[in-house]
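The values are calculated or read from the model by the stated rules, or taken from the named source; none is laboratory data. No experiment lies behind these values; they were computed from the predicted model shown. Methodologically, a virtual Cβ is constructed for each residue, glycine included, from the backbone with ideal geometry; neighbour enumeration extends over all protein chains shown.
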Amino acid sequence: MINMKNIVKYVLSFTLLAIPMQALAETSAGARIGVLTCKTVPGSGFSLIVHSTEDVKCAFKSTSGGIEHYKGETGVGLGFDMSYDRHTTLVYAVMSANYKAGAHQLAGKYFGGGASATVGVGVGAQALIGGGRKNISLQPLALSGSEGAGVSAGITYLYLEPDK
């Protein structure tokens, strides 16, 4: 039987370890330019225990009020995923030193570590780095909310492309 108390403890520990990474990213990537919100597409995922994937639809809202839409994929590239959560939302702060509105500069691949625990309603955290070559950085700590059941942890990824 899964011990939820230990799972929550691991997720919180992971979150606390990722906070120093957030401070480093903010100083090297520039000013905060907006928020990226991604929601999983119901019925688009699959899980092979050590690898899982699910499609996402994302909206980036800049601090100036503009909105860009993205589509892509997220999941556990290598790790442990025994989850059934079909309503997941990920929220990232976005930083850039030279953002150009409408250029879909967030497109790219992001990699890192992640963990989540869900029984009914759950929480998770991801620490992601990467992206394109356009000086865009996702806040390395993203909190997620989900509905379902299960636990996952491992090397996570987020791939984004413009959804025009």
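Filter the range 87-109 down to the residues that are under 14 Å from L36 (Cβ atoms) and touching a helix residue (DSSP H, G or I) at 6+ places or on another chain (Cβ under 8 Å), then identify the one that is surrounded by the most Cβ atoms within 10 Å (Cβ to Cβ).
M95
For residues in the range 110-131 being over 13 Å from I155 (Cα atoms) and in contact (Cβ under 8 Å) with a residue 40 or more places away in the chain, which is surrounded by the fewest Cβ atoms within 10 Å (Cβ to Cβ)?
At the first step, the residues of the range 110-131 found to be over 13 Å from I155 (Cα atoms) are 117-124, 130-131.
Of the ones still in play, those that are also in contact (Cβ under 8 Å) with a residue 40 or more places away in the chain are 117, 119, 123-124.
Numbers: A117: 23, V119: 13, V123: 16, G124: 25.
Ranking the candidates gives V119 first.
Considering only the range 124-164, state which residues are modelled with pLDDT under 70, under 10 Å from the mean Cα position of the chain (by Cα) and closer than 12 Å to A107 by Cα.
none
Taking the condition of being of a type outside the set (V, I, T) and closer than 16 Å to G131 by Cβ, how many residues in the range 78-112 meet it?
19
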